[in-house]
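Colleague: I'd like to ask some things about the structure below.
What follows is calculated from the coordinates using simple rules that are stated; it is not laboratory data. Nothing here was measured: the structure is a model prediction, and the numbers come from that model. Quick reminder, even Gly has a Cβ in these numbers, built from the backbone with ideal geometry, and neighbours come from all protein chains shown.
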Amino acid sequence: MSPSLNAPAVLLAGNASHAGKTTTCLALTSALLARGLVVRCAKSGPDYIDARYHAVFTAAPCANLDVWMGSERAVMRTLGRIGDPIDGVRPDILLIEGAMGLFDGDNASSAKLACLLDFPVILLLDATGCAESIAALALGFFSYAEQHYKKLVFKGVIVTKVGTERHAELLKKTLDPLCREWNIPILGLLPKSSAPKLFSRHLGLVSVEETRQYLDAKKLAQWCEQHINIDKFLRSLDIPLQKKPRKCEPHLFFPPRKQPKHLSCTIAIASDSAFSFAYADLPALLEELSARIVFFSPIKNSRLPACDGVIFPGGYPELETNALAANRTIVDDLRRISEKGAPIYGECGGFMYLMKSCTRPDGQSYPMSGLLPCSCIVGTKRAALGYREARLCPTALFPGKKTIRVRGHEFHYGRMSGEFTESAWSPLWRLYDKDNRLLGYDGVVFGSVFGSWLHVFPEGGRPFFKKFIRLAQTYAAMSNRH
């Protein structure tokens, strides 16, 4: 049990990507919730869509835990947020969904995270195309962990994507002796035929809002209870098998851990189906830096709320081009405050929205806000993927000799297109990959509007967000708003 969390935690890790981690985590979450337990979830690595699924299912924020983007200290700080009560209720258990395979990602791997936090692992083994060979796969993981990750503890094995009943018998017969030898129980075998379907598009799974119409939590819980020995799992963690359910209001974002004495500015954050890629701790971090947070929808709201700065997170604006292009009153409001010096920042999909236009893969072009003097083309081939360290470029908006460094990640299909129509712009970042290789410049600063393809990790970008708050405070003081 982590002292920062005050609840047992388990990391669900696969032998590789697409081993069924998200499906299994959602199913286990649904089953535990049906038993009355308070479940919180977290995601290893920089993933928004899986995290939103977990947040919607648990009605609680889903944190992203990433050692490379946020440092060990930042992981501990985020873990403290997860353990804090929400509506007076603390978690009974934390389920962490791993990324890729257990050991993938070097010092950002799920294995390293589990060792850092002393969290046991449930290993998910994809049985597609194998039977007796499943034992060799399991033995390889057990042995490799023993040699290279001595602190790693396996709490159990779940086999996924099992075919026929005969297939299940072969798998169990082969795994049983090995798991007994290593004292690692087989917790379940999940059949492929009855598994819930999760559909994907270019940036990952389709949104949970689209999926909830056919992904039923009750059926997920029943499927999990039928194929996973949940009693054995809970007993191994000393968690009650059943509790009286408690109703909580749904929360997508963490509350601040410390309320500042004075809120010096108001930040509006876009949040809807076009801009849903925001980390669960970003609003809390901004509040702790003395900002009041308001949310708005550039799709549904006709006016921008009164504010001193605006943030457009990433998302799928290319899927909402008609609605975004039609809402010109929001654009008028944005243009009005930007001309007065209010900071407006966009990440990835939010960066696309700040541009003049967005051309989709079908060749159709749609007007965006036009606050930045460039356009975007969304292609069918990935433009960038990976961890990034970025250094803020000195500009009139961001003066100073001290280098501001942030960490985050890129994953997008969009590219800037055409010639810039103005000369008074500057790049936002000098960009490096995880191995400190220079990739070039990224992003645009134009007046008080700026953005880039980079998703900045909140705990890996505190200095940058402090700069953003200072810009908003300056605007608030000029406008006599606070």
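Colleague: With angles folded into 0 to 90 degrees, how steeply does helix 67-83 sit against the dominant principal axis of the chain? Use alpha carbons for both and round to 10.
Modeller: 80 degrees
Colleague: Can you list the residues, at least 5 places off or on another chain, whose amide H is less than 5 Å from the amide H of residue 155, using H built in the peptide plane?
Modeller: Answer set, sorted by chain and number: 121, 122, 123.
Colleague: As I understand it, the dipole of the stretch 9-236 uses +1 on the Cβ of Lys and Arg and -1 on the Cβ of Asp and Glu, about the Cα centre. Which of 183, 15, 82 lies farthest toward its positive end?
Modeller: Ranked along the dipole, the leading option is 82.
Colleague: Can you give the longest run of the chain that contains no chymotrypsin sites (Phe, Trp or Tyr not before Pro) sitting in a DSSP loop with at most 11 other Cβ atoms inside 10 Å?
Modeller: Counting only loop sites that pass the neighbour cut-off, the longest clear stretch is 215-482.
Colleague: Tell me, what is the percent relative contact order of the chain, built from C-alpha pairs under 8 Å that lie six or more residues apart?
Modeller: After rounding, I find 13 percent.
Colleague: Could you check the spin-label model distance between residue 136 and residue 246? Points 7 Å from the Cα along Cα→Cβ, value in nm.
Modeller: 5.0 nm
Colleague: Using a simple charge model, +1 on the beta-carbon of Lys and Arg, -1 on the beta-carbon of Asp and Glu, nothing else, what dipole does the stretch 9-236 show about its Cα centre, in debye to the nearest 20?
Modeller: Charge dipole, the stretch 9-236, about its Cα centre: 240 debye, nearest 20.
Colleague: Right, another one. Can you pull the Rg over Rh of the stretch 320-432, Cα-only, Kirkwood?
Modeller: Looking at the stretch 320-432, the ratio lands at 0.98.
Colleague: Report the relative contact order of the stretch 265-479, percent, no decimals, based on alpha-carbon pairs under 8 angstrom and at least 6 residues apart.
Modeller: Computed over the stretch 265-479, the figure is 21 percent.
Colleague: Note the angle between two axes, namely the Cα long axis of helix 49-58 and the longest principal axis of the Cα atoms of the chain, as a number of degrees from 0 to 90, rounded to the nearest 10.
Modeller: Between helix and principal axis, roughly 70 degrees.
Colleague: With +1 on each Lys and Arg Cβ and -1 on each Asp and Glu Cβ, and nothing else charged, work out how big the dipole of the chain is about its Cα centre, in Debye to the nearest 20.
Modeller: 900 debye
Colleague: Between helix 165-182 and the chain, what is the angle of the helix's C-alpha long axis to the longest principal axis, kept within 0 to 90° and rounded to the nearest 10?
Modeller: Here the helix axis deviates by roughly 90 degrees.
Colleague: At a 10 Å Cβ-Cβ cut-off, how would you order 369, 297, fewest neighbours first?
Modeller: By the 10 Å Cβ count, ascending: 297, 369.
Colleague: Read through the labelled values [x] 42; [y] 47; [z] 37 and report the label of the one computed as percent of Cα pairs over 32 Å apart from the structure.
Modeller: Checking each listed value against the structure points to [x].
Colleague: Could I ask something else about it? Could you tell me how far the Cα centroid of the stretch 326-365 sits from the Cα centroid of the stretch 81-157, in Å?
Modeller: Measuring centre to centre over Cα atoms gives 41 Å.
Colleague: Extension gain residue 237-residue 90, at 0.36 nm per residue separation less the Cα-Cα distance, in nm?
Modeller: Result for the pair: 51.3 nm of gain on full extension.
Colleague: Next question. Which value in deg cm²/dmol, rounded to the nearest 500, describes the helix-derived mean residue ellipticity at 222 nm for the chain, given -39,500 (n - 2.57) per DSSP H run of n ≥ 4 and division by the residue count?
Modeller: -9500 deg cm²/dmol
Colleague: I'd like to know which of 428, 363, 262 lies farthest towards the positive end of the charge dipole of the chain, counting +1 on Cβ of Lys and Arg and -1 on Cβ of Asp and Glu.
Modeller: Checked the options; the winner is 262.
Colleague: Please list, ordered by chain and number, the residues whose modelled amide H lies under 5 Å from the amide H of residue 45; skip anything fewer than 5 residues away on the same chain.
Modeller: 65, 66
Colleague: Which entries of 151/401; 150/232; 192/381; 232/434; 261/401; 173/244 show an alpha-carbon separation above 32 angstrom in the structure shown?
Modeller: Too far apart for the 32 Å limit: 151/401; 232/434; 173/244.
Colleague: Suppose R0 equals 45 Å. What FRET efficiency, 1/(1 + (r/R0)^6) with r the Cβ-Cβ distance, do residue 364 and residue 470 give to the nearest 0.05?
Modeller: Efficiency for this residue pair is about 0.70.
Colleague: To continue, here is another question. Below 8 Å between Cα atoms, with a sequence gap of 6+, how large is the relative contact order for the stretch 74-200 in percent?
Modeller: Once divided by the residue count of the stretch 74-200, the mean separation gives 22 percent.
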